[in-house]
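Undergrad: One structure follows; several queries about it will come next.
Taken together, the values in this text are just the output of simple stated rules run on the coordinates, not laboratory data. On a predicted model such as this, the values are computed, not experimentally measured, just so you know. Cβ: placed from backbone, ideal geometry, glycine included. Neighbour counts: every protein chain shown.
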Amino acid sequence: MSIHAPEVANRIQLDERELPTRWYNIQADLPFPGSPPLHPATKEPVGPQDLAPLFPMELIKQEVSQERYIDIPQPIQDALRLWRPSPLMRATRLERELKTTAKIYYKYEGGSPAGSHKPNTAVAQAFYNKAEGTKRLTTETGAGQWGSALAFATKLFELECMVYMVRISYEQKPYRKSMMQVWGAEVVPSPSDRTQAGRRIRAESPDSTGSLGIAISEAIEDAASREDTKYSLGSVLNHVLMHQTIIGEEAQLQMERAGAMPDVVVGCVGGGSNFSGLAFPFLRDRIQGRSKTRFLAVEPAASPSITRGKYTYDFGDTIGMTPLLKMHTLGHAFVPDGIHAGGLRYHGMAPLVSALADHGFIDAVAYPQRTVFDAAVQFARTEGTIPAPETAHAIRAVIDEAVKARERGESPTILFNFSGHGLLDLSAYDAYFAGTLSDVTLSEARIQELVGAL
């Protein structure tokens with residue numbers, strides 16, 4: 001047996017002193033006008049006063065800011081240094097397995113305390129809430145990556161945390177619930193009996209497996225009912241995506257040191273935060289005409305908001321408590337099937353990602369569940385790290401891109417975001433090996449029924 005040593009460095013690590021000190025705000029560089037959130041009653045753009053019951057004023061300012069860069073406060077930098085800068089890896093063994101001429105790099109975000117990219121914004125949101133006197137935060141979570149990240153961050157900044165976890169994930173991923181409880185959060189399955197929204201859904205559908213839209217409704221209702229409480233969201237909104245750009249800012253410097261800037265940037269998308277965090281700093285160069293990099297967003301066939309949804313104004317939650325957001329959506333009444341990529345089971349897509357896709361800056365593809373796990377296992381058996389089901393969607397697309405490159409005799413550089421590890425998702429892998437994973441594809445008739453109601 002021969003052991004093949006990589007011919008190139010397969011890990012590029014920045015020094016702690018090179019942690020970015022600013023977030024990149026892509027709103028400053030958009031070559032088209034934005035579509036503001038609308039008040040559902042008046043259909044007029046919402047103002048700060050409309051958002052103040054839910055968010056601290058500093059996050060509201062970031063949500064609408066047109067400044068290109070926003071400084072990261074020192075306490076947030078100090079918290080980020082617990083796991084950042086994160087490494088950039090080259091997947092040389094996967095390249096050999098695929099016999100591809102492509103070069104595959106990935107930004108590894110699984111080293112945070114919560115095991116994913118989510119703490120990048122959680123610590124920022126906890127800091128700004130603490131600074132403005134908030135005592136308690138509510139949120140929703142799908143697979144539990146976001147809930148565990150916020151539980152961790154609220155403990156750092158001495159806040160209480162209430163998490164409404166989508167019921168199917170609450171049952172599928174019990175150890176994510178355990179993580180949240182270790183960090184002091186209270187966790188309940190959604191739909192719950194704690195809120196009017198939850199009780200209404202349970203009355204209409206007693207066996208509901210839940211959805212992110214339902215859990216958002218519950219968390220918002222909870223926050224709006226208490227003076228000491230604000231709401232925290234782990235994706236979709238502009239300020240959340242901006243906090244994640246620390247990923248791409250690091251990756252740009254690391255790719256420069258690797259001497260291989262990307263031809264293709266790939267990420268999974270549910271609400272859009274990990275994809276945007278990696279892609280937006282590279283999109284800055286594409287928008288300004290300095291690169292021809294292609295951007296590929298990968299979603300589940302069970303929840304294909306970009307590839308098959310409608311680009312229109314819709315609520316971000318199921319009950320209709322949020323402002324109307326212009327986004328690719330399957331309709332806020334959509335309740336997705338219980339696929340294991342719980343973080344991607346959302347009816348809509350971030351307005352910024354949706355607008356960039358609509359204007360041709362971002363391509364999208366959707367995959368069914370089983371072929372995604374095929375890719376996850378292939379990656380783990382070559383590169384060693386077990387990916388989360390969400391991350392595996394990006395890996396599926398990367399493998400397909402690498403195979404196409406081999407067949408065409410091309411040698412692109414592919415960069416993707418390894419958004420989180422799958423060590424708490426092993427029940428999903430058990431189902432894969434047992435052959436009980438199902439592929440879910442929405443019928444066109446069902447999609448038209450959902451979006452036709454908007």
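Undergrad: What are the principal axis extents of the Cα atoms in the range 388-444, in Å, biggest first?
TA: In descending order, the Cα extents are 38, 32, 23 Å.
Undergrad: Next question. Taking the Cβ of N417 as the centre, find all other residues whose Cβ is under 9 Å away and add up their charges (Lys, Arg: +1; Asp, Glu: -1). Display every interim value, and only then the final one.
TA: Working: positive: K107; negative: E109.
Taking every Cβ under 9 Å from that of N417, the sum is 0.
Undergrad: With r as the distance between the Cβ atoms of D228 and D78 and R0 = 35 Å, compute the FRET efficiency 1/(1 + (r/R0)^6) and round to 0.05.
TA: Numbers: r = 26 Å, r/R0 = 0.73.
Calculated transfer efficiency: 0.85.
Undergrad: Under 5 Å between amide H atoms, partner at least 5 residues away or on a different chain: which partners does I362 have, H built in plane at 1.01 Å?
TA: For I362, the qualifying residues are A357.
Undergrad: Further question: Out of residues 5 or more away from D317 or on other chains, whose amide H comes under 5 Å of its own, with H placed 1.01 Å from N in the peptide plane?
TA: The list, which skips near neighbours in sequence, is T322.
Undergrad: Hey, how many Å between the Cα centroid of the range 26-89 and the Cα centroid of the range 214-290?
TA: The distance from the Cα centre of the range 26-89 to that of the range 214-290 comes to 10 Å.
Undergrad: Based only on other Cβ atoms within 10 Å, what is the fewest-to-most ordering of T229, T245?
TA: On the way: T229 21, T245 27.
Going from least to most buried by this count: T229, T245.
Undergrad: Net charge near T195: determine it from the other residues with C-beta under 11 Å of the C-beta of T195, scoring Lys and Arg +1 and Asp and Glu -1.
TA: Cβ neighbours under 11 Å give a net charge of 0.
Undergrad: Now for a different question. Report, to two decimal places, the Cα Rg of the range 232-332 normalised by 2.2 N^0.38 Å (N = number of residues).
TA: Numbers: Rg = 15.2 Å, N = 101, 2.2 N^0.38 = 12.7 Å.
Cα Rg divided by the expected 2.2 N^0.38 Å: 1.19.
Undergrad: Around Y69, which amide H atoms from residues at least 5 apart in sequence, or from another chain, sit under 5 Å from its own amide H, with H modelled in the peptide plane?
TA: N25
Undergrad: Below 17 Å, Cα to Cα, which lysines can K107 reach? Residues fewer than 8 away in the same chain don't count.
TA: Here the lysines satisfying the reach criterion relative to K107 are K118.
Undergrad: Rounded to whole Hz and in sequence order, give me ³J(HN,Hα) for the range 210-220 from the Karplus expression 6.51 cos²θ - 1.76 cosθ + 1.60, θ = phi - 60°, writing x for Gly and Pro.
TA: x, 7, 4, x, 5, 5, 4, 4, 5, 5, 5
Undergrad: I'd like the Karplus ³J(HN,Hα) series for the range 286-292: coefficients 6.51, -1.76, 1.60, θ = phi - 60°, whole numbers in Hz, and an x wherever there's a Gly or Pro.
TA: So the Karplus estimates, Gly and Pro as x, are 5, 4, 8, x, 9, 8, 10 Hz.
Undergrad: I would also like to ask the following. Considering only the other residues whose Cβ falls under 13 Å of the Cβ of V372, what net charge follows from Lys and Arg at +1 and Asp and Glu at -1?
TA: Working: positive: R370, R396; negative: E299, D374, E390, D400, D425, D439.
Taking every Cβ under 13 Å from that of V372, the sum is -4.
Undergrad: At q = 0.13, 0.18, 0.21 Å⁻¹, what is the log10 ratio I(q)/I(0) for the range 355-454, with the Debye formula run over Cα points and no solvent?
TA: Normalising to I(0) and taking log10 leaves -0.62, -1.00, -1.14.
Undergrad: Sorting K118, K135, K310, K43 on the 10 Å Cβ count, fewest up front, what's the list? Could the numbers behind the result be given before it?
TA: Details: K118 30, K135 14, K310 18, K43 9.
So the residues, fewest neighbours to most, are K43, K135, K310, K118.
Undergrad: Classify the range 32-86 as rounded, prolate or oblate, taking a ≥ b ≥ c as the square roots of the eigenvalues of its Cα gyration tensor: rounded when a/c is under 1.5, otherwise prolate if a/b is larger than b/c and oblate if not.
TA: Details: a/c = 3.15, a/b = 2.10, b/c = 1.50.
Prolate shape, in that a/c is at least 1.5 and a/b is the bigger ratio.
Undergrad: Using θ = phi - 60° and the Karplus relation 6.51 cos²θ - 1.76 cosθ + 1.60, list the HN-Hα couplings for the range 78-88 in order, rounded to whole Hz, with x at every Gly or Pro.
TA: 4, 5, 4, 5, 4, 9, 10, x, 8, x, 9
Undergrad: Scale the Cα Rg of the range 87-207 by the rule-of-thumb value 2.2 N^0.38 Å and send over the ratio, two decimals. All intermediate terms of the calculation are to be shown ahead of the outcome.
TA: On the way: Rg = 18.3 Å, N = 121, 2.2 N^0.38 = 13.6 Å.
That works out to 1.34 for the range 87-207.
Undergrad: If you scale each eigenvalue of the Cα gyration tensor by 5 and take the root, what three semi-axes come out for the chain, rounded to whole angstrom and sorted largest first? Spell out each step's value before the answer.
TA: Details: eigenvalues 201, 121, 98 Å².
Largest first, the chain gives 32, 25, 22 Å.
Undergrad: Sum -39500 (n - 2.57) across every DSSP H segment of at least 4 residues in the chain, then divide by the residue count to get the 222 nm mean residue ellipticity, nearest 500.
TA: Values: 19 runs with 188 residues, N = 454.
So the calculated ellipticity at 222 nm is -12000 deg cm²/dmol.
Undergrad: Out of all Cα-Cα pairs in the range 148-187, roughly what percent, to the nearest whole number, are more than 17 Å apart? Kindly include the intermediate steps, with their values, before the conclusion.
TA: Values: 165 of 780 pairs.
Roughly 21 percent, rounded to a whole number.
Undergrad: I've got another one for you. For the cross-link pairs K177/K230; K99/K173; K177/K326, which exceed 28 Å when the distance is taken from alpha carbon to alpha carbon? Working shown, then result.
TA: Values: K177/K230 21 Å; K99/K173 35 Å; K177/K326 32 Å.
Violating the 28 Å Cα-Cα cut-off are K99/K173; K177/K326.
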